[in-house]
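Student: Dropping a structure here in structure tokens format, bear with me for questions.
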Amino acid sequence: MTANDLSWQAIAARRADLGGGFAIARALPSAARRTVGAWCFLDHAGPVRYPPGPGMQVGPHPHIGLQTFTWMIEGEVMHRDTLGNAQVIRPGEVNLMTAGRGIAHSEESIGAHGSVHAAQLWIALPDAQRQCEPAFVHHPQLPVADLDGFRATLLAGSGFGLQSPVALFSPLVGIDLVADSAARTRIELRPDFEHAVLCLRGRARLDGRAIEPGTLHVAAIGRERCEIACDAAAQLLLIGGTPFEEPLLIWWNFVARTGAEIEAAAADWNAGRRFGEVPGTALARVPAPDTAGLRLRARGPG
Ligand code: MN
């Protein structure tokens, strides 16, 4: 045990239902940790094989003030949005949707028999960008490096001499690590970043401590490296970024600064204003919940 081992804080993910009984593990935000850099939301879906039936079916719903970042590991999901995009996302691909002042989208598993394994993250937009025009970019290919038996995919930011093509508005990193058998590697970290590691599949060790799916391990700024190891096939997600200092209010699918902004977005969505319609989907719109009690959720960064 070293001092470094103590600096990883374990945070249990909680189960949430995306609708239709499709359960995910929500690692961010939590009471113990709201953000890791500008990463402000992390859902781990699957890995799950679903019986003949619809799989993941999330009807049209709106976002403001954030980017949704979808990393597909298994399965295929059709994304549709109010800009008119209809894009299938397949394993090894990233969808980046910049909500800015407002966008809505739907997400539907494709195929009657299949599986889903994905990570969906949100990135809080800084003040200068959070009212920007909405945009959507599909990234079919991300840079990959061989790292001592781990296949490292650079999802966001830079590392291993590579640069992710995903356009971001604050300093962030995202790395997917896959080993098919026992492996061990050291990863250089930026000391001005805070970091988090989530085991997505199998079991692994993070600086000597056993980690498995369902628990997020978070480290404050100041770390310069970490060691990741496994004795059998495993997959992990490493994220990081400079601490996000702007106050954040996260409510339902909205990231904002004030309750009034959230209330306006919810009212606009429920009244059919601002966001437009998602063409091509048969799924029902998801109404915004009642905003009563919203002010209780207002908190600073952390
Ligand atoms: Mn969404």
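The values are calculated or read from the model by the stated rules, or taken from the named source; none is laboratory data. Since the structure is predicted, the reported quantities are computational estimates derived from the model, not experimental observations. For neighbour counting, all protein chains shown are included, and Cβ atoms are generated from backbone atoms with ideal geometry for every residue, glycine included.
Student: Just give me the residues in the stretch 36-62 being under 18 Å from Ala156 (Cβ atoms) and either within 16 Å of the ligand (Cβ to nearest atom) or surrounded by fewer than 23 Cβ atoms within 10 Å (Cβ to Cβ) (or both), in sequence order.
Tutor: Trp39, Cys40, Phe41, Leu42, Asp43, His44
Student: Quick check on my filter: what residues within the stretch 63-84 are within 13 Å of the ligand (Cβ to nearest atom) and either of a type in the set (Gly, Ala, Ser) or in a loop (DSSP other than H, G, I, E, B) (or both)?
Tutor: Gly65, Thr82
Residues are listed down the side, and each one gets a yes or a no for (1) in contact (Cβ under 8 Å) with a residue 40 or more places away in the chain; (2) more than 15 Å from the chain's Cα centre (by Cα):
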position	(1), (2)
Asn85	yes, yes
Val88	no, yes
Asn95	yes, no
Ser106	yes, yes
Ala119	yes, no
Cys132	no, yes
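Student: Please verify whether Ile73 is touching a His at 6+ places or on another chain (Cβ under 8 Å), among the aliphatic types (A, V, I, L, M) and within 22 Å of Leu168 (Cβ to Cβ), treating the condition exactly as stated.
Tutor: Against the criterion (touching a His at 6+ places or on another chain (Cβ under 8 Å), among the aliphatic types (A, V, I, L, M) and within 22 Å of Leu168 (Cβ to Cβ)), Ile73 qualifies.
Student: Give the number of residues within the stretch 92-113 that are farther than 16 Å from Leu18 by Cβ, more than 11 Å from the ligand (Cβ to nearest atom) and either assigned to a strand (DSSP E or B) or modelled with pLDDT of 95 or more (or both).
Tutor: So the count comes out to 8.
Student: Could you check, for the stretch 141-155, whether at least one of its residues is charged (D, E, K, R), part of a strand (DSSP E or B), more than 16 Å from the ligand (Cβ to nearest atom) and without any contact (Cβ under 8 Å) to a residue 24 or more places away in the chain?
Tutor: yes
Student: Name the one entry in Ala31, Ala128 that is at pLDDT below 95, more than 16 Å from the ligand (Cβ to nearest atom) and in a loop (DSSP other than H, G, I, E, B).
Tutor: Ala31
Student: Taking strands (runs of 3 or more DSSP E) that fall entirely within the stretch 179-262, which contain at least 2 residues that are more than 17 Å from the chain's Cα centre (by Cα)?
Tutor: Where strands (runs of 3 or more DSSP E) fall fully within the stretch 179-262 and carry at least 2 residues being more than 17 Å from the chain's Cα centre (by Cα), they are 204-206, 209-211, 225-241.
Student: Right, another one. Which residue out of Ala234, Ala210, Ala288, Ala264 is surrounded by 13 or more Cβ atoms within 10 Å (Cβ to Cβ) and free of Cβ contacts under 8 Å to residues at least 12 places away in the same chain?
Tutor: Ala264
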